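Peer 1: Mind having a look at this structure? Questions to follow.
Rule-based calculations on the coordinates, nothing more; no lab input. Only a predicted model underlies this, so the values are computations on that prediction, with no experimental measurement involved. Methodologically, a virtual Cβ is constructed for each residue, glycine included, from the backbone with ideal geometry; neighbour enumeration extends over all protein chains shown.
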């Protein structure tokens with residue numbers, strides 16, 4: 001199945017995936033691109049970084065920059081608000097998953 005046709009639905013799952021890893025610990029963008037690719041998501045820097053910046057602006061992520069110049073790397077992690085949002089979303093995802101599985 002081609003995921004780009006269903007991007008509208010998958011974008012929310014990608015955000016949850018990002019938040020999940022941000023709660024587990026720090027990560028940087030290129031690592032997240034590879035992590036998402038391992039799960040079948042085809043997402044590039046032009047999509048991921050605006051998503052990360054939006055999550056940071058909304059208070060779900062916090063970042064710090066390590067290094068300087070071309071070697072600078074921005075590391076992301078969850079804020080308290082991000083952890084709370086993931087807890088709420090986890091319950092909702094679990095509820096939806098149970099409905100989807102029972103519906104088969």
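Peer 1: Going by the alpha-carbon gyration tensor, a ≥ b ≥ c the square roots of its eigenvalues, is the chain rounded (a/c under 1.5) or, if a/c is not under 1.5, prolate (a/b greater than b/c) versus oblate?
Peer 2: Values: a/c = 2.51, a/b = 1.49, b/c = 1.69.
In terms of gyration-tensor shape, oblate.
Peer 1: Compute the FRET efficiency between residue 99 and residue 28 as 1/(1 + (r/R0)^6), taking r as their Cβ-Cβ distance and R0 = 30 Å, and round to the nearest 0.05. Please list the in-between numbers first.
Peer 2: On the way: r = 36 Å, r/R0 = 1.18.
FRET efficiency, residue 99 to residue 28: 0.25.
Peer 1: Quick check on the exposure proxy: order 28, 9 from fewest to most C-beta atoms within 10 angstrom.
Peer 2: Details: 28 14, 9 9.
Fewest to most other Cβ atoms nearby, the residues stand as 9, 28.
Peer 1: Which residue fluctuates most in the GNM of the chain (Cα springs below 10 Å): 72, 87, 22?
Peer 2: 72
Peer 1: Shifting gears a bit: Do the sum for the chain: with -39,500 (n - 2.57) for every DSSP H run of n ≥ 4, divided by all residues, what is the mean residue ellipticity at 222 nm, to the nearest 500 deg cm²/dmol? Numbers along the way, then the final one.
Peer 2: Details: 4 runs with 64 residues, N = 104.
So the calculated ellipticity at 222 nm is -20500 deg cm²/dmol.
Peer 1: Taking R0 as 25 Å, what's the FRET efficiency between residue 84 and residue 5 from their Cβ-Cβ distance, rounded to 0.05?
Peer 2: Values: r = 33 Å, r/R0 = 1.31.
Given R0 = 25 Å and the Cβ-Cβ separation, E is 0.15.
Peer 1: Report, in degrees rounded to the nearest 10, the 0 to 90 angle that the Cα long axis of helix 80-102 makes with the longest principal axis of the chain.
Peer 2: The answer is roughly 30 degrees.
Peer 1: What FRET efficiency would be calculated for the residue pair residue 66, residue 39, taking the C-beta separation as r and a Förster radius of 41 Å, to the nearest 0.05?
Peer 2: 0.95
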